[in-house]
Amino acid sequence: MNKNFGNFGGQYVPEALVKPLTELEEAFQGYCYGEEFKNEYKKYMKEYVGRPSLLYYAERLTKHLGGAKIYLKREDLNHTGAHKINNVIGQILLAKHMGKKRVIAETGAGQHGVATATGAALFGMECTVFMGEEDMRRQELNVFRMRMLGAEVQGVASGTATLKDAVDEAFNEYVRRAGDTFYVVGSAVGPHPYPLMVREFQKIIGEEAKVQILEAEGRLPDYLIGCVGGGSNAIGLFYDFLKDDDVKIIGVEAAGKGIKTGLHASAFEGGKVGVIHGMKTYMMADDKGNIKPAYSISAGLDYPGVGPEHAYLKDIGRVNYVSVTDDEAMEGFRLLSRTEGIIPAIESSHALGYAAMAAPKMKKEEIVLINLSGRGDKDVNTAYEYFTGTSRAI
Ligand SMILES: *Cc1c(COP(=O)(O)O)cnc(C)c1O
């Protein structure tokens, strides 16, 4: 199996991780492309997650912007409110086939931790989630959710006690307990085979969207737009359209307070090629090549690297990567809430913010399909603070 996407990806890991990752790759190849596994995965997608998610024509938003027709792929309607569950169910199903009894995950804002705890409960697995102690303070509600679902949340006090430290701890635990433990990675990142595996579990988004847009419009869209943190919802939407040359594809990173300020999360605009979390890719780095911390108003885009398949798609010019500031994203958040009665996740609002700037310049017969990766319930405090300048809604 090819470990790379062009010059990117690979497996930059300590010796102790090579064996478990090789076993994982073999199991992934052995099970996940078989009919039995695919049917089981599809059954959970339908009966538990609630797929297919709707493709919704946003008529009022379209009229308001006065340009291209805008469609939304409603991943926010999935059980647990985002696309992350697609990947988590796929990986835990694989863990079950491998005979593992326990799953671990790392989490920053808590979204991937909650999704993993949900999947673990569904499959009766033991679950430990590593989370920086600083993040545990900031995201108390998600800590309660994980515990409610039966997961153990293990605080990590080392370093800055945030996501990076939680990732280190999860990898250490994986090395210690690879015999009975499966490490559920939350985005299309990490050493091979994770980026490939996560894409395979998320590509259902684009496969459904293609059928749905053909049904609605009788043709493919002119543009696809998805927000890019690690890149899983975006590659999930994009993958099935990569060979359709007439479809223009746009990935939207977080420009935070502006690329020039250094306070952003754009691995492409502000970064360089290096090694981060076991993969070679674009990442935010200082002059010495050390990882620079990322900043975005959205916790889910606040990641200094990007999935290696996106790095490849950027280099071959198939996908155009742009970035949108906090302010532009929050305008997208406000717009969708007011015109359609749908409160989007702030991550997804970056894709909406870009569309709000681009769609008015497009022709009325053009079609834009946006991945609405998640719902905004988790973000109401942040949004309230942003719009009112006062702290905490509740
Ligand atoms: C986690 C998250 C993201 C960012 O992750 P990707 O892997 O880039 O998709 C985007 N949107 C929502 C709603 C999320 O929860």
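FYI, it's all coordinate maths here, none of it is from the lab. Everything numeric here is computed off the predicted structure, so don't read it as measured data. Glycine also receives a Cβ, built like all others from the backbone with ideal geometry; neighbour counts cover every protein chain displayed.
Restricted to the stretch 66-95, and to residues that are among the hydrophobic types (A, V, I, L, M, F, W, C) and surrounded by fewer than 22 Cβ atoms within 10 Å (Cβ to Cβ), which residue is nearest to the ligand (Cβ to nearest atom)?
As a first pass, look at the stretch 66-95 and keep what is among the hydrophobic types (A, V, I, L, M, F, W, C): 68, 70, 72, 77, 82, 85, 88-89, 92-95.
Filter again for surrounded by fewer than 22 Cβ atoms within 10 Å (Cβ to Cβ), leaving 77, 93.
Numbers: LEU77: 12, LEU93: 19 Å.
The residue in question is LEU77.
Out of ALA294, ALA216, one residue alone is closer than 29 Å to ASP168 by Cα and of a type outside the set (Ser, Thr, Tyr). It is ALA294. Close Cβ contacts (under 7 Å, 6 or more residues apart or on different chains) running from residues in the stretch 312-334 that are buried (at least 23 other Cβ atoms within 10 Å of the Cβ) to residues that are of a type in the set (Lys, Arg) comprise ASP326/LYS257. The set of residues from the stretch 96-139 being more than 22 Å from VAL156 (Cα to Cα) and surrounded by 24 or more Cβ atoms within 10 Å (Cβ to Cβ) comprises just one member, GLY119. Residues that are in contact (Cβ under 8 Å) with a residue 60 or more places away in the chain, out of contact with any strand residue (DSSP E or B) (no Cβ under 7 Å at 6 or more places or on another chain) and part of a helix (DSSP H, G or I) within the stretch 95-123 comprise HIS97, ALA115, GLY119, LEU122, listed in sequence order. Just to confirm my filter: which strands (runs of 3 or more DSSP E) fall fully inside the stretch 158-276 and include at least 1 residues that are under 20 Å from HIS310 (Cα atoms)? Ranges flagged: 223-227, 248-256, 272-276. Screening the candidates LYS364, LYS378 for the property of being more than 25 Å from PHE268 (Cβ to Cβ), within 12 Å of the ligand (Cβ to nearest atom) and either in contact with an Asp or Glu (Cβ under 7 Å, 6 or more places away or on another chain) or not in a strand (DSSP E or B) (or both) yields one hit, LYS378.
Looking only at residues in the stretch 339-361 that are of a type in the set (Gly, Ala, Ser) and not in a helix (DSSP H, G or I), the one that is nearest to SER298 (Cα to Cα) is ALA345. From PRO344, PRO360, which residue is exposed (fewer than 15 other Cβ atoms within 10 Å of the Cβ) and touching a Gly at 6+ places or on another chain (Cβ under 6 Å)? Just one listed residue meets the conditions, PRO360.
Note on the stretch 262-289: residues that are under 20 Å from the mean Cα position of the chain (by Cα) and of a type in the set (Asp, Glu) amount to 1.
Please find, within the stretch 279-289, the residue that is surrounded by the most Cβ atoms within 10 Å (Cβ to Cβ) out of those that are within 16 Å of the ligand (Cβ to nearest atom) and not hydroxyl-bearing (Ser, Thr, Tyr).
First pass over the stretch 279-289, keeping only residues within 16 Å of the ligand (Cβ to nearest atom): 279, 281-284.
Applying the additional criterion that residues be not hydroxyl-bearing (Ser, Thr, Tyr) yields 279, 283-284.
Working: MET279: 29, MET283: 26, MET284: 26.
So, considering only residues that are within 16 Å of the ligand (Cβ to nearest atom) and not hydroxyl-bearing (Ser, Thr, Tyr), the one surrounded by the most Cβ atoms within 10 Å (Cβ to Cβ) is MET279.
Residues of the stretch 1-48 that are under 16 Å from HIS97 (Cβ atoms) and of a type in the set (Phe, Trp, Tyr): PHE28, TYR31, TYR33, PHE37, TYR41, TYR44.
For the stretch 1-94, which helices (runs of 4 or more DSSP H) that fit wholly inside it have 2 or more residues that are among the polar types (S, T, N, Q)? Full working, then the answer.
On the way: elements: 15-32, 35-44, 59-65.
Once the helices (runs of 4 or more DSSP H) in the stretch 1-94 are filtered for at least 2 residues that are among the polar types (S, T, N, Q), what remains is 15-32.
Summed over the stretch 131-152, the residues that are of a type outside the set (D, E, K, R), under 23 Å from ASN381 (Cα atoms) and either touching a strand residue (DSSP E or B) at 6+ places or on another chain (Cβ under 7 Å) or in a strand (DSSP E or B) (or both) give a count of 5. When you scan the stretch 290-310, do you find a residue that is surrounded by fewer than 17 Cβ atoms within 10 Å (Cβ to Cβ), away from the ligand (no atom under 16 Å from the Cβ), more than 19 Å from the chain's Cα centre (by Cα) and within 16 Å of PHE8 (Cβ to Cβ), even just one? Within the stretch 290-310 (the criterion being surrounded by fewer than 17 Cβ atoms within 10 Å (Cβ to Cβ), away from the ligand (no atom under 16 Å from the Cβ), more than 19 Å from the chain's Cα centre (by Cα) and within 16 Å of PHE8 (Cβ to Cβ)), the answer is no, since none of the residues qualifies.
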